[in-house]
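Visitor: Next up is a structure, given as C-alpha cells.
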Amino acid sequence: MKQRVLILGAKDCAARAAEAAGRAGIEAVVATSLPNEPEAMADAARTNGAEGIYCADEAHVEAAAAASAKLGFPCLSEYAARLLHSKEALRSALARETGLNPRYGIAGSLAETEQIIRRLGLPAVVKPLEGAWGQGALIVRDIADAPLAFTRAVKHASSGRVLLEPYLPGHEYRVICHRSQGRWSTLMVYSNVPAEHDHLFDRALVAPVRVAGPLRDKLRESVRTVMGVMGGVHGLVVLEFMVSGEGLHLVELSHISQLPALATELFPAISGIDLLEVDVASALGKPFDTKPRFKVCAALWWLTARSGVVSAVHGEEKARAVPGVVRLQVNAQPGTVLGHQVDVPSRDAVGHVLVTARSPRRALEKAQYASEYLRFDTRAALDK
C-alpha cells in the first residue's frame, strides 16, 4: 500500500510537489486552501490518513513544522522553519551568533529606508522581508531611487516591511545541503551567471563547480556555521553565498521546493536524482543516498524576449540540434502576451535550454550557443 503525504502551499508549488510524489511512488493529498494554522493542517493530515506533511512554499513552512511536530512526523524544527521563512529572523540570528552578514536594516517606511541606505552606503539592495525568487528586489545606486525601490519591495511584503543590505558585487556559490536523522551533508556546489541588466537575478546556472584552497575551507566553515545556527533542519535547503572584496556573505537561504529548475532538471541531468522527489519522500522519513555521483556537468540557460504579444518563434529545431542539449523548453508561442518584467530571466523566462558537457565552462558555452538560435518576434499589445 502506498504511503500518503499531505502537500500544502500555493497551487503551482503544490502541483509540482504532487507530481514529484507520484514519481516517487507516494500518494499525494493536495490542500491549497487550508488556513495557515498548525491545528487545521494537523486535522487535515489525520482526516486524510497522511503519514507526513510536505510544505511546498515558504509562506506555510512555520505552521507546517508545528503541525508535523504535533503529529510526530519527520519535520523541520519550528526554529529552523522560522529562519527559512523570515529574512529578519535569519539575519538577526546570523548577526547574533556568527560573523556573517552583520550589516543590514529593516524599514517600514520610505523615511526609514532612506535613513538605512545612508547608514549602509551605496549601492544597497532593497527587497521584501518575505518571499522568494528575488521578487520585488532592486539595487539602489542613487538615494533618489529609494522611493521606487521601497514601493516596489513593499508591494511584495506581507508584513509591510523591507530588508536592506549593502550590494556586494562578486562571485556567487550555492550549496545544496541535506539533513536527515540528525546528520547533515553537502550534496553539491553550483554557481550562476548573473543577468545582464540586473545582477540580483540569474541568466544561467552551472553545476557542479569545484571550489579549492582557502575559499573551499571558508565555504565549508560558513556552511557548517549556518547549519549549526538553524539546528533542526530536515530535508533539503540551498545556501547562497557571495564572495566579494568584503569576504563571504550569506545572500539567501531557500527551501529546495522554491528552486524547481535546480531540483527537477539541473541536478537530475548530472546525477539521475530528482531532488524534489527526495525532499517529498523525506517528509515520510525515507532515507536518501547523500553521496550522489556526478556523471557530467550541466548548464541551464534562461530564454527571454521583449514585452508584447509574440508573433513568431524562430530557431527551435536548430537549438535542439546543438550537441549536448538535453531539454529545450519554450513557454511562449504566437499569441502569448509577455509582461514588462521579462528581463528577469530566472523568474520571467519564456523558456530555457538545458545542456550537458564534460566541464562547467563547456556546458555554459553550449547552452549560450543553443539559446542564441532562439528568437521571439513581438509586437505591441495594441497593434493589429
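Visitor: Have a look at K218, K127 and point out the one that is assigned to a helix (DSSP H, G or I), of a type in the set (K, R) and modelled with pLDDT under 95. Full working, then the answer.
Guide: On the way: K127 fails: assigned to a helix (DSSP H, G or I).
Only one candidate qualifies: K218.
Visitor: Taking the stated definitions as given, is L83 in contact with a helix residue (DSSP H, G or I) (Cβ under 6 Å, 6 or more places away or on another chain), buried (at least 20 other Cβ atoms within 10 Å of the Cβ) and more than 30 Å from E19 (Cα to Cα)?
Guide: no
Visitor: Any residue at all in region 193-205 that is in a loop (DSSP other than H, G, I, E, B), outside the structural domain of G351 (by TED's automatic domain parsing) and modelled with pLDDT of 95 or more?
Guide: Going through region 193-205, the residues in a loop (DSSP other than H, G, I, E, B) turn out to be 195-201.
From what is left, the residues that are outside the structural domain of G351 (by TED's automatic domain parsing) are 195-201.
The next check asks that each one be modelled with pLDDT of 95 or more; those that pass are none.
Looking through region 193-205, none of the residues is in a loop (DSSP other than H, G, I, E, B), outside the structural domain of G351 (by TED's automatic domain parsing) and modelled with pLDDT of 95 or more.
Visitor: Those residues that are touching an Asp or Glu at 6+ places or on another chain (Cβ under 9 Å) and in a helix (DSSP H, G or I), I need them from region 91-104; list them, please.
Guide: R91
Visitor: Kindly list, by first and then second residue, each pair from a residue in region 350-375 that is in the same structural domain as A319 (by TED's automatic domain parsing) and touching a residue at least 24 places away in the same chain (Cβ under 8 Å) to a residue that is β-branched (V, I, T) and part of a helix (DSSP H, G or I), limited to pairs with Cβ atoms under 9 Å and residues at least 6 apart or on different chains.
Guide: T356/I270
Visitor: Looking at (1) out of contact with any Phe, Trp or Tyr (no Cβ under 6 Å at 6 or more places or on another chain); (2) closer than 24 Å to V233 by Cβ, which is the only condition R103 fails?
Guide: The failed condition is (2).
Visitor: Working only within region 139-192, note down all residues that are part of a loop (DSSP other than H, G, I, E, B), aromatic (F, W, Y) and in contact (Cβ under 8 Å) with a residue 60 or more places away in the chain.
Guide: Listed by number, the list is empty, since nothing qualifies.
Visitor: Related question: Can you confirm whether region 315-323 contains a residue that is in the same structural domain as D217 (by TED's automatic domain parsing), of a type in the set (G, A, S) and either crowded, with 19+ Cβ neighbours inside 10 Å or at pLDDT 90 or above (or both)?
Guide: no
Visitor: Tally time: how many residues in region 357-383 are hydroxyl-bearing (S, T, Y) and in contact with a Gly (Cβ under 6 Å, 6 or more places away or on another chain)?
Guide: The total comes to 2.
The values are calculated or read from the model by the stated rules, or taken from the named source; none is laboratory data. Fair warning: this is a prediction, and the values are worked out from it, not measured in the lab. Cβ atoms come from the backbone with ideal geometry, glycine included; neighbour counts cover every protein chain shown.
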